[in-house]
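See structure below.
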Amino acid sequence: MSSSVTEQDNPARRSLLAALRGATGPLIGLILLCAFLSLTTSTFLSVRNGLNILDQITVLGIMAVGMSYVILIGGIDLSVGSVLALSMMVMGWLTNVMNVPMLVSVPLALVASGLCGGVSGYMITQFRVPPFIATLAMMSVARGLANMITDGQQIVGFPDWFTSLAIDRHFGVLTATVGLLLIVVAVAWIFLRYRSGGRMLYAVGGNPEVARLAGINVRVVTIGVYVLAAILAGLAGIVLAARLDSVQPSSGLGYELDTIAAVVIGGTSLTGGSGSIGGTLIGVLIIGVLRNGLNLLNVSPFLQQVVIGVVIVLAVAVETYRRK
């Protein structure tokens, strides 16, 4: 009887382990972090604080999904913060200056973001420019373009229906922007888990030459991944604009580092070929919970950066030890 029960439990257990591939350590870390903060702060476990954490991680979470794909193929993208700013400025300029309907300006902003990713991917695949250099150059270009659109000035004021996406809680729980994050995470997880295209990403990250010999178009996959990461960065910029009811070219400074940190903390290997969307979500939650808890403890923002840096180093060290 017990053996039959074990056999029935195995598929469910295997499915759970697959969803959290390489992320069991970060999950334990998240649980311990929540336990510590619940003991040291009286408001951490409140429903209101939990909903605030979800609102705060929305932008980072959407960007981290795209970065997960990039790192899975063995790449890196330093331009996502600047692409986020460019997307915001394009949308704001089209809507408030050119009087283009927002339902048109938002897709055009995402197209502009995708073009940035396409250029980065083309430089990497066609001219063999290292991803670090290619995306570093795009980071500068996108930030410069974002400033040129309005000569460095911010744009304020959008339709009420747009800002309400980040304010109104449906059923008293989730905003539309948090719902968007959940949809992005779910689609990305399904793609990696059940679609052949998702397996291609692991193959390219594991060994690009072997993947090419196996019939995978490594160039197309690489460009597609960078385009997707840029579009998701642009989408995160739209979400941020809804939260702030304004856009400014300085938005997104340092976001690329937080995004990479979330992915690495979630167990995705910087060498490519190993990781999961579930792990990335846990990494995003760790950063969100850590910052929220440090704010509740009245820790200086400067010290918060030190703490997050230490967490990143520890996460990489644990990943290296695990791989050995």
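No value in this document is a laboratory result; all are computed from the given coordinates. This is a predicted model, so every value here is computed, not measured. With ideal geometry, Cβ positions are generated from the backbone for all residues, glycine too; neighbour counts draw on all protein chains shown.
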Inset, instruction - Project the alpha carbons of the stretch 143-224 onto their principal axes and report the range along each, largest first, in whole Å. - result: 53, 42, 15
Inset, instruction - Beyond 17 Å, what share of the Cα-Cα pairs of the stretch 35-169 is found? Please give it as a whole percent. - result: 68
Legend entry - Rg/Rg_globular for the chain, with Rg_globular taken as 2.2 N^0.38 Å and Rg from C-alpha atoms: 1.02
Inset, instruction - Provide the per-residue ³J(HN,Hα) series for the stretch 105-110, in order, calculated from phi with Karplus coefficients 6.51, -1.76, 1.60 and θ = phi - 60°, each as a whole number of Hz, with x at glycine and proline positions. - result: 5, 5, x, 5, 5, 5
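Around Thr135, under 14 Å between beta carbons, what's the net of Lys plus Arg minus Asp minus Glu among the other residues?
Details: positive: Arg143; negative: Asp77, Glu256.
Result for the local shell: -1.
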Legend entry - Listed peptides 49-62, 100-113 by packing density, highest first (mean Cβ within 10 Å): 49-62, 100-113
Legend entry - Amide proton proximity set for Leu174, modelled H, under 5 Å, gap of 5+: none
Inset, instruction - Calculate one ³J(HN,Hα) per residue across the stretch 218-230 by plugging θ = phi - 60° into the Karplus curve 6.51 cos²θ - 1.76 cosθ + 1.60, and present them in order as whole Hz with x for glycine and proline. - result: 4, 5, 5, 4, 5, 4, x, 5, 5, 5, 4, 4, 5
Inset, instruction - Report the dimensions of the stretch 166-287 along its three principal axes from the alpha-carbon atoms, largest first, rounded to Å. - result: 50, 33, 24
Legend entry - In order through the stretch 136-151: 3J(HN,Hα) via Karplus (6.51 cos²θ - 1.76 cosθ + 1.60), integer Hz, x for Gly, Pro: 5, 5, 5, 4, 5, 5, 5, 5, x, 5, 4, 6, 5, 4, 10, 6
Inset, instruction - Using packing as a proxy for protection, rank 171-181, 221-231, 246-256 so that the peptide with the highest average count of other Cβ atoms within 10 Å comes first. - result: 221-231, 246-256, 171-181
Inset, instruction - Before anything else, pin down the relative contact order of the chain: Cα pairs under 8 Å, at least 6 apart, normalised by residue count, whole percent. - result: 34
Inset, instruction - Could you please rank Arg195, Arg219, Arg291, Arg48, placing first whichever residue has the fewest other Cβ atoms within 10 Å of its Cβ? - result: Arg48, Arg195, Arg219, Arg291
Legend entry - Farthest positive-ward along the stretch 28-181 dipole, Cα basis, beta-carbon charges - from Ser113, Pro159, Gly75: Gly75
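Per-residue ellipticity at 222 nm for the chain, helices alone: DSSP H runs ≥ 4 residues times -39500 (n - 2.57), over residue total, nearest 500 deg cm²/dmol? Intermediate values should be presented prior to the final figure.
On the way: 14 runs with 240 residues, N = 324.
After summing the helix terms and dividing by residue count, I get -25000 deg cm²/dmol.
Arrange Arg128, Arg143 by Cβ neighbour counts within 10 Å, fewest through most, would you?
On the way: Arg128 8, Arg143 20.
Result, fewest neighbours first: Arg128, Arg143.
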Inset, instruction - Extending each Cα 7 Å along its Cβ direction at Val47 and Leu270, get the distance between those two points in nm, one decimal. - result: 4.2
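Please give the contour-minus-distance gain from Leu303 to Ala176: 0.36 nm per residue of separation, less the Cα-Cα distance, rounded to one decimal in nm.
Numbers: separation 127, 0.36 × 127 = 45.72 nm, distance 3.26 nm.
Using 0.36 nm per residue and subtracting the Cα-Cα distance, I get 42.5 nm.
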Legend entry - Ordering of 27-33, 159-165 by burial proxy (mean other Cβ atoms within 10 Å per residue, highest first): 27-33, 159-165
